[in-house]
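S.K.: Below are the structure tokens for one structure; questions will follow.
The values are calculated or read from the model by the stated rules, or taken from the named source; none is laboratory data. Nothing here was measured: the structure is a model prediction, and the numbers come from that model. Cβ placement follows ideal geometry from the backbone for every residue including glycine, while neighbour counts extend to all protein chains displayed.
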Amino acid sequence: MNISAANTGRVLWAGLRALLVLTVVCGVLYPLAVTGIAQVAFPGKANGSEVTDASGKVVGSELIGQSYNLPLKDGEKTAAPDLRWFQPRPSNGLGSNNVNTQYSIILSGATNRSGDNADLIQWVKDAKAAVIKDNSTADYKVKPSEIPAEAVTSSGSGLDPHISPEYAKLQVHRIAERNHLTVAQVDKLVADHTDGRILGFVGEPRVNVLQLNIALKEMVGERG
């Protein structure tokens, strides 16, 4: 009995020492080392790819999309888009931001509907009609054939921060009219904030909506 108890004690002590060592190495030293390397080598990405406005205030992350809506009115269930700003692709999961005060993600995700789902088809039709209505101006009429897919469908994550240059350009006339700018000014703004393919061949050209709206806010402020 004594020999068996001693062996059991040694095994338990060895297991406890292994647990303590692995806890320190894997739970403390390794995370600290990885965090330290990330902070030195990639500080921006390690801290969430934060985006700041002209005043230096953090207004979001370049990796997470945001909505630009008007405050809810009495009786409204869905906020109307604030048409002074470039609009992202539709999603039920984007937090609210007006390039300034509020940034909170409530939920995210895809629609999880098949391509022939009746609800999805109706959502796309409604979104397409809204894009045409919202972006048509006195001297520019949006054609249904000009509307890109991401203008009427959400991304798989519901958090895509980018739109295509085509969708950004489709919004140019409305942005110019609402903010008393020229079309040429807004066109240049879009061109300046269009990112090309990664390494020249990976992915598609894209526009980060948050960064574009920050630049728009600065342009409107300078004009004012």
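To keep it simple, each residue is scored yes or no on (1) assigned to a helix (DSSP H, G or I); (2) in contact with a Phe, Trp or Tyr (Cβ under 7 Å, 6 or more places away or on another chain); (3) at pLDDT below 85.
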{"residue": "Leu20", "(1), (2), (3)": "yes, no, no"}
{"residue": "Val34", "(1), (2), (3)": "yes, no, no"}
{"residue": "Pro71", "(1), (2), (3)": "no, no, no"}
{"residue": "Ala79", "(1), (2), (3)": "no, no, yes"}
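S.K.: Same structure, new question: Given the options Ile214, Ile175, name the one that is among the aliphatic types (A, V, I, L, M) and either under 27 Å from Pro144 (Cβ atoms) or over 20 Å from the mean Cα position of the chain (by Cα) (or both).
M.R.: Result of the check over Ile214, Ile175: Ile175.
S.K.: Next question, about the same structure. Do we find that Lys133 is modelled with pLDDT of 85 or more and surrounded by fewer than 11 Cβ atoms within 10 Å (Cβ to Cβ) in this structure? Walk me through how you get there before you give the answer.
M.R.: Values: modelled with pLDDT of 85 or more: yes; surrounded by fewer than 11 Cβ atoms within 10 Å (Cβ to Cβ): yes.
Yes: the conditions hold for Lys133.
S.K.: Right, another one. Right, Ala149: at pLDDT 85 or above, within 27 Å of Glu204 (Cα to Cα), of a type in the set (A, V, I, L, M) and surrounded by fewer than 17 Cβ atoms within 10 Å (Cβ to Cβ) or not?
M.R.: yes
S.K.: Is segment 42-50 home to any residue that is among the charged types (D, E, K, R), closer than 30 Å to Pro88 by Cβ and assigned to a loop (DSSP other than H, G, I, E, B)?
M.R.: No.
S.K.: So which residues in segment 81-105 are over 12 Å from Leu210 (Cβ atoms) and at pLDDT below 85, if there are any at all?
M.R.: Answer for segment 81-105, where residues must be over 12 Å from Leu210 (Cβ atoms) and at pLDDT below 85: Pro90, Ser91, Asn92, Gly93, Ser96, Thr101, Gln102, Ser104, Ile105.
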